[in-house]
Amino acid sequence: MEPFTGLDYYRVDEMYSDEERLVRETVRAFVDAEVLPLIEAHHRRGTFPVELIPRLGALGMLGANLHGYGCAGISDVAYGLIMQELERGDSGLRSFASVQGALAMYPIYAFGTETQKIDWLPRLARGEKVGCFGLTEPDHGSDPAGMVTKAVRRGDGYVLNGSKLWITNGTIADVAVVWARTEEGIRGFLVEKGTPGFSAREIHGKFSLRASITSELIFQDCRIPSASLLPGSEQGLKAAFMCLDQARYGIAWGAVGAATACYDAALKYAKARVQFGRPIAGFQLVQQKLVRMLTEITKAQLLCLRLGQLKGAGRVHHTHISLAKMNNVEKAREIARLAREILGAAGIVDEYPVIRHMLNLETLYTYEGTHEIHTLILGRDITGLSAFA
Ligand SMILES: Cc1cc2nc3c(=O)[nH]c(=O)nc-3n(C[C@H](O)[C@H](O)[C@H](O)COP(=O)(O)OP(=O)(O)OC[C@H]3O[C@@H](n4cnc5c(N)ncnc54)[C@H](O)[C@@H]3O)c2cc1C
C-alpha cells in the first residue's frame, strides 16, 4: 500500500462545494507563488509584506464573506478556507486579512451608516485602504469592560482621549475602528489617519507574529465629527464582541493551516533524515508524534467544517466559535512543537517554516480572547456559573 502523503486524511475535501474547493485552490496557489518565497525574509526583518495587500484585494480575499459593497459574498466555509490557506503561509498574513475583513469591514458593515459603508467598504475590499480595530488598552486586555479611553461630546462631535495597545495594522491603517467609553456607554467610532490628536507608533521587539504590524494608538484631545460614530454600536461591548466572533472564526480555521504546514514539513523531514542507518520516520517514537499531529489536524478540519456550516445557516453561537478557537489553536501549538522536535536542530532555523509557525502560534493562543478566557466562556455556558471575576 502506498503511504498517505496528503493533508486530508478523512477526505474532508469531498464535503466542500465546487466553489469552496475553487476558492481554496486559488488561495493555495497564491500562497505558494507569492507568499512562501518572501515570507521568511519579512519574518527575519520584522516587516509586513505590504505589497501583497492589493493582491489580497484583487483576489477577493478581504471581507470575502460580506455581501455587496464590492465584497465577494462567498460562503462562510469558503471564507474559512481562505483563512486556512493564508495561515499556511503565515499567521501575520492571515491576521492582516482577519483584521481588515472581520474587525474593520465587518463593524462598518454591521453597525455603520449607509454613507460609511459606501465610503469605506469598497476601498477596504480592494485593499486600497487599510483598517484596524482598537479595543485592547495597556491596562485592559481580557477585561475590556474596564476601558478608560473616553469620547466626550463637544459641540457637533466628540473629543477622544486614551490609548489602545497591541493593535494589528495600526501604523498602516487609514481608518481605525476605536472603542471608547461615552456617556451612553461603550461605542465604536471610525477615526481616520491624519486626524489631529491621533497618532500611532509601531511596537518592536516581538518574537511572535514578526511579519505583522502591531502598534499603539494614541488619542490626545482628538476631535472627531458626530458622523464618525458607528450608530449600530449602541449595544456597547456586545457589538465589539460580535466583531471578535467574526475574527475568532477565522482564527479557528487559520490555526489548521499553520498546523498542516508544520506537519507537512515534519513528515517530509522525517522521511529524509537518516539516523542509525534508517529514516527517523521509521522509529516508533517519531511515528507516534506524526500520528498525533495528523489526528489532531483531522479533528480540527472537521470541527471547522461543522462550525462553518452552522455559521452559514445562521445557527452558530459564540460559544461554538470559542470552542473551535480554543481547541484548534491549542492543538496547532502542540503540533508546531512536535514538528520542531522532529526536526531536531534544524527545527530552530528559519530554513524550515516550523519555528516561525511555532512562535506565531503564541500570539494566536493569547489574542482575540486568551485560551483561558475561552475556557471560562465555555465553562459558563455549560454550568451557568461565571468564573471570570
Ligand atoms: C500580536 C498581537 C496582535 C493583537 N492585535 C490586536 C488588535 O488588532 N486589536 C486589539 O484590540 N487587540 C489586539 N491584541 C490584544 C489581545 O487581544 C490581548 O493581548 C488579549 O486580549 C489579552 O490581553 P492581555 O495581553 O492584556 O492579557 P491579560 O488580560 O493581562 O491576561 C494575562 C493572563 O491572565 C489570564 N487571565 C486574565 N483574566 C483571567 C481570568 N478572569 N481568569 C483566568 N485567567 C485570566 C489570561 O488568560 C492571560 O494568561 C493583539 C495582541 C497581540 C499579541
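Given the structure, is Ala211 within 14 Å of the chain's Cα centre (by Cα) and assigned by TED's automatic domain parsing to the domain that holds Ala200?
Values: within 14 Å of the chain's Cα centre (by Cα): yes; assigned by TED's automatic domain parsing to the domain that holds Ala200: yes.
Here the answer is yes, as Ala211 does meet what is asked.
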For this session: Output yes when any residue across region 324-337 is part of a loop (DSSP other than H, G, I, E, B), of a type in the set (Val, Ile, Thr) and more than 16 Å from the ligand (Cβ to nearest atom), and no when none is.
Result: no
Seminar exercise, completed: The correct count of residues that are more than 14 Å from the ligand (Cβ to nearest atom), part of a helix (DSSP H, G or I) and not polar (S, T, N, Q) in region 357-389 is 4
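Which members of region 117-143 meet the condition of being under 24 Å from the mean Cα position of the chain (by Cα), at negative phi and more than 16 Å from the ligand (Cβ to nearest atom)?
Lys117, Trp120, Leu121, Pro122, Arg123, Ala125, Arg126, Glu128, Lys129
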Exercise. Looking at Gln301, Gln284, Gln309, Gln288, which is the one that is surrounded by 18 or more Cβ atoms within 10 Å (Cβ to Cβ) and modelled with pLDDT of 95 or more?
Worked result: Gln301
Exercise. Among the residues of region 339-357, is any touching a residue at least 60 places away in the same chain (Cβ under 8 Å) and more than 24 Å from Pro279 (Cα to Cα)?
Worked result: yes
Problem set entry | The one condition in (1) at positive phi; (2) of a type in the set (Asp, Glu); (3) within 16 Å of the ligand (Cβ to nearest atom) that Asp174 fails to fulfil | (1)
For this session: Might you let me know whether region 297-309 holds any residue that is closer than 14 Å to Ala266 by Cα, in contact (Cβ under 8 Å) with a residue 60 or more places away in the chain and of a type outside the set (Phe, Trp, Tyr)?
Result: yes
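Determine which member of the set Glu2, Glu20 is more than 16 Å from the chain's Cα centre (by Cα) and at pLDDT below 95.
Working: Glu20 fails: at pLDDT below 95.
Going through Glu2, Glu20 in turn, the sole match is Glu2.
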Problem set entry | Criterion (over 25 Å from Ile213 (Cβ atoms), without any contact (Cβ under 8 Å) to a residue 12 or more places away in the chain, within 14 Å of the ligand (Cβ to nearest atom) and surrounded by fewer than 21 Cβ atoms within 10 Å (Cβ to Cβ)) met by exactly one of Gly155, Gly146 | Gly146
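Can you tell me which residue within region 33-69, out of those that are more than 16 Å from Ser91 (Cβ to Cβ) and among the basic types (Lys, Arg), is surrounded by the fewest Cβ atoms within 10 Å (Cβ to Cβ)?
Initial filter on region 33-69 (more than 16 Å from Ser91 (Cβ to Cβ)): 33-34, 37, 41, 45, 50-51, 53-55, 57-60, 62-69.
With among the basic types (Lys, Arg) added as a condition, the list becomes 45, 55.
Working: Arg45: 10, Arg55: 14.
If we take residues in region 33-69 being more than 16 Å from Ser91 (Cβ to Cβ) and among the basic types (Lys, Arg), then Arg45 is surrounded by the fewest Cβ atoms within 10 Å (Cβ to Cβ).
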For this session: Check whether at least one residue in region 14-35 is touching a strand residue (DSSP E or B) at 6+ places or on another chain (Cβ under 7 Å), in the same structural domain as Gly101 (by TED's automatic domain parsing) and of a type in the set (A, V, I, L, M, F, W, C), and report yes or no.
Result: no
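Please work out if Asp76 is of a type in the set (Asp, Glu), more than 15 Å from the ligand (Cβ to nearest atom) and buried (at least 18 other Cβ atoms within 10 Å of the Cβ).
On the way: of a type in the set (Asp, Glu): yes; more than 15 Å from the ligand (Cβ to nearest atom): yes; buried (at least 18 other Cβ atoms within 10 Å of the Cβ): yes.
Taking the combined requirement at face value, the residue satisfies it.
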For this session: Kindly provide the set of residues from region 335-389 that are touching a His at 6+ places or on another chain (Cβ under 6 Å) and surrounded by fewer than 22 Cβ atoms within 10 Å (Cβ to Cβ), ordered by number.
Result: Tyr365
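The values are calculated or read from the model by the stated rules, or taken from the named source; none is laboratory data. Because the structure is a prediction, the values reported are computed rather than measured. Neighbour counts run over all protein chains shown; Cβ positions are idealised from the backbone, glycine included.
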